[in-house]
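Written below as structure tokens is the structure these notes are about.
The values are calculated or read from the model by the stated rules, or taken from the named source; none is laboratory data. Computed from a predicted structure; not experimentally measured. As a convention, Cβ positions derive from the backbone with ideal geometry for all residues, glycine included, and neighbour counts pool all protein chains shown.
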């Protein structure tokens, strides 16, 4: 009996060791989460695919009580672009866009990072690539969109709800306590003065000009042409093509075929 117990214990010990070894191997294999899905193995990956979906922000808080499930950050996307630049196995970058926009700085950061990349790059605008998301898309070599994608919305907004009437109806009174004349500018508890409205609109026009200049430069268009389009409207893909806001009608498969021509090999996408 003792011998049988010893044999059983040895078998159990061997089994535990084998399970531990397998777990270690599996952990090592999946521990690098830089590239997600797309290919049979990371070794076959030669084109890094990035997504700019939902609201564009410069960053996503690590802890928040708000819903940030449909947010993309320029911090994350530009990190992916930098990793593609440094990785010799990555030959090109594809940016998939499906976003109404968001923070203008986020769009600018993504566009600039793509412009600095010395490898082929493409953007594919799916349902919509508007405002800051369109700005981000302009940083690539070539932009694709569907005939019915919404493209553009080149403009800046800072609109908000004035809650003064609601506050009055509920019996509240706004009390201003600020050490600077304009410190509470934009507070929803009181209306803007004529002077404050003029200040905000002046800043918006300056940001608008930067946006227009960026699109003109990135898309190789005349400033005047972009200014005519910079009215906040989006244009369906077929019209966006005619205006020079995109390069071709197509999807991810179309963009992939173009990249294959650029890098001279079959494309294996890996999603960052």
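Points to keep in mind about this one:
- If you go through region 151-174 and keep only what is out of contact with any helix residue (DSSP H, G or I) (no Cβ under 8 Å at 6 or more places or on another chain) and either assigned to a helix (DSSP H, G or I) or buried (at least 16 other Cβ atoms within 10 Å of the Cβ) (or both), you end up with 163, 164, 165, 166, 167, 168, 169.
- Of the residues making up region 121-144, those that are in a strand (DSSP E or B) and within 18 Å of residue 108 (Cβ to Cβ) are 121, 123, 125, 129, 130, 143.
- Region 61-87: number of residues that are modelled with pLDDT under 95 and out of contact with any strand residue (DSSP E or B) (no Cβ under 6 Å at 6 or more places or on another chain): 9
- Meets criteria (modelled with pLDDT of 95 or more, closer than 26 Å to residue 84 by Cα and touching a strand residue (DSSP E or B) at 6+ places or on another chain (Cβ under 9 Å)) for residue 255: yes
- Across region 82-108, the number of residues qualifying as outside any strand (DSSP E or B), surrounded by fewer than 23 Cβ atoms within 10 Å (Cβ to Cβ) and under 12 Å from the mean Cα position of the chain (by Cα) comes to 4.
- Here the condition is being exposed (fewer than 14 other Cβ atoms within 10 Å of the Cβ), over 30 Å from residue 265 (Cβ atoms) and modelled with pLDDT under 50; of 30, 24, it holds for 24 alone.
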